[in-house]
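Undergrad: Dumping the structure here so I can ask a few things about it.
The values are calculated or read from the model by the stated rules, or taken from the named source; none is laboratory data. Everything numeric here is computed off the predicted structure, so don't read it as measured data. Positions of Cβ are backbone-derived with ideal geometry, glycine not excepted, and every protein chain shown enters the neighbour counts.
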Amino acid sequence: MFDGKYILWGGEHSYFTRKLQAMLNYLALDYEFKLKSAETGPDVEARLGTHFIPGLETPEGWFIHDTTPIGLMLHTKYPDRPILPTSAVQRIAAHLLEDWADEWFGRYAITSRWCYPDNIAHVANGFYANHIGKFVAEGLTPEEEVEAANMITMVRDNFGLRACANRGCGPDQAEAVRQDFESLMKHAESHYNQHRFLLGDRASLGDFSFAGLFKAHIEVDPESRSWIDASAPEMVDYMNRVFDARTDDDDYLPDDQLPETLMPFFAHMRDTYHQFLKVSREALAAGEKWCELDLGDGPIKMRSLKYNEVSRRHIRNEIVALSPDERTAVDNVLGSLGVLDAYMLPALSV
């Protein structure tokens, strides 16, 4: 019924491209990774309706973007290889973990990539290679390397540093971002040392987010690699394990349990990303483009983002749709951790 090949359109340096690649790997789908380059980009963007990557071209000829709805679509399309639990606590936890990783880990990715001159110089060739339709392993000619050095300055100024400013993680915050990353990754290393995936022996959406961060950024950029080598070096192997994993008959933890090793993750999302969700929502409601968030070292400015309200509202709807018994279980476990509060605020129309 679903025979045929998928095409993953994106870039090797893209967090969400690599997230989707990990997902396709796990689902054991037949796919080809094609670069969205200067040549292919206009046609791909016209079909996707956006310049963002990745995009997924399905065997039926559809072009879809945004890894969260893509993941939900694939989960429904291939019920024999689920990537979301059926039990309520684990299912809501899976949504929370993915949303947190997708929207907060980007600060680690862009800070380490764009706030350090040596790192910027290192990624120049890879960015240019993908731009002209080459994979990084194909290499560049000396003439192309000159063009790469010129192009990366433009990418830094027009994208990289602007993205850092929007997320409150520019050069002035780089050390704080590094400390936050290293502290969190020590907990991640402990978790993945004991469990194959976030919720047991079967992958869920957030696992692909973790793997995408590492494959596109942490493992390959020298700055971020120095961060992980100094704090949780085994994470590189653990994330390669997740990236290369294939679906099997193993399952999530029994009886809707959550691993105890996830507790630091829930505390982190509650105290960081969820605080941003609240202040960003307030700013959007007031028509303000910027909000302020204090992560412990004084207030920082961040752009209030409509997409985060959309994703918050999606998870809110998932919680509201639970049966009474399911809602009681979710409130008892996740509500007691304080990780539902930001999602249960009234929805905004954005």
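Undergrad: Kindly indicate whether any position in segment 209-220 is more than 26 Å from Asp118 (Cβ to Cβ) and in the same structural domain as Asp237 (by TED's automatic domain parsing).
TA: Of all residues in segment 209-220, those more than 26 Å from Asp118 (Cβ to Cβ) come to 209.
Cutting the leftovers down to in the same structural domain as Asp237 (by TED's automatic domain parsing) gives us 209.
The answer is yes; a qualifying residue exists.
Undergrad: Are there any pairs, at least 6 apart or on different chains, whose C-beta atoms fall under 8 Å, with the first in segment 252-266 and among the hydroxyl-bearing types (Ser, Thr, Tyr) and the second at pLDDT 95 or above and not in a loop (DSSP other than H, G, I, E, B), and if so, which?
TA: Tyr252/Gln90; Tyr252/Gly200; Thr261/His187; Thr261/Ser190; Thr261/His191; Thr261/Gln194
Residue-by-condition table, conditions (1) β-branched (Val, Ile, Thr); (2) outside any strand (DSSP E or B); (3) within 26 Å of Asp248 (Cα to Cα):
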{"position": "Thr17", "(1), (2), (3)": "yes, yes, yes"}
{"position": "Gln21", "(1), (2), (3)": "no, yes, yes"}
{"position": "Ala28", "(1), (2), (3)": "no, yes, yes"}
{"position": "Pro42", "(1), (2), (3)": "no, yes, no"}
{"position": "Glu45", "(1), (2), (3)": "no, yes, no"}
{"position": "Pro59", "(1), (2), (3)": "no, yes, yes"}
{"position": "Gly71", "(1), (2), (3)": "no, yes, yes"}
{"position": "Leu84", "(1), (2), (3)": "no, yes, yes"}
{"position": "Val89", "(1), (2), (3)": "yes, yes, yes"}
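Undergrad: Could you count how many residues in segment 269-298 are in contact with a helix residue (DSSP H, G or I) (Cβ under 6 Å, 6 or more places away or on another chain), in a helix (DSSP H, G or I) and under 23 Å from Glu175 (Cβ atoms)?
TA: Result for segment 269-298: 2.
Undergrad: Taking Asp118, is it surrounded by fewer than 20 Cβ atoms within 10 Å (Cβ to Cβ) and either in contact with a Leu (Cβ under 6 Å, 6 or more places away or on another chain) or part of a helix (DSSP H, G or I) (or both)? Walk me through it before giving the result.
TA: Working: surrounded by fewer than 20 Cβ atoms within 10 Å (Cβ to Cβ): yes; either in contact with a Leu (Cβ under 6 Å, 6 or more places away or on another chain) or part of a helix (DSSP H, G or I) (or both): yes.
Judged against the criteria, Asp118 is a match.
Undergrad: Being surrounded by fewer than 18 Cβ atoms within 10 Å (Cβ to Cβ), over 16 Å from Ala203 (Cβ atoms) and either at pLDDT 95 or above or in contact with an Asp or Glu (Cβ under 6 Å, 6 or more places away or on another chain) (or both) is the requirement here; does Gly41 meet it?
TA: Numbers: surrounded by fewer than 18 Cβ atoms within 10 Å (Cβ to Cβ): yes; over 16 Å from Ala203 (Cβ atoms): yes; either at pLDDT 95 or above or in contact with an Asp or Glu (Cβ under 6 Å, 6 or more places away or on another chain) (or both): yes.
Yes; evaluated as a whole, the condition is true for this residue.
Undergrad: Do any residues in segment 312-340 that are surrounded by 14 or more Cβ atoms within 10 Å (Cβ to Cβ) have Cβ atoms under 9 Å from those of residues that are of a type in the set (Asp, Glu) and outside any helix (DSSP H, G or I), where the two are at least six apart or on different chains, and which pairs are they?
TA: The qualifying pairs are Gly335/Asp341.
Undergrad: List every residue pair whose Cβ atoms lie under 6 Å apart, where the two residues are 6 or more positions apart in sequence or sit on different chains, the first residue falls within segment 54-74 and is outside the structural domain of Ser14 (by TED's automatic domain parsing) and more than 10 Å from Tyr6 (Cα to Cα), and the second residue, located anywhere, is modelled with pLDDT under 95 and surrounded by fewer than 18 Cβ atoms within 10 Å (Cβ to Cβ).
TA: none
Undergrad: State whether the residues of segment 24-34 include one that is in the same structural domain as Asp229 (by TED's automatic domain parsing), touching an Asp or Glu at 6+ places or on another chain (Cβ under 7 Å) and not aromatic (Phe, Trp, Tyr).
TA: Within segment 24-34, none of the residues are in the same structural domain as Asp229 (by TED's automatic domain parsing), touching an Asp or Glu at 6+ places or on another chain (Cβ under 7 Å) and not aromatic (Phe, Trp, Tyr).
Undergrad: OK, next. Looking for whichever is aliphatic (A, V, I, L, M), more than 22 Å from the chain's Cα centre (by Cα) and surrounded by 15 or more Cβ atoms within 10 Å (Cβ to Cβ) here; the options are Ala188, Ala176, Ala163, Ala148. Which one fits? Break it down stepwise before answering.
TA: Working: Ala188 fails: more than 22 Å from the chain's Cα centre (by Cα); Ala176 fails: more than 22 Å from the chain's Cα centre (by Cα); Ala163 fails: more than 22 Å from the chain's Cα centre (by Cα).
Checking each option against the conditions leaves just Ala148.
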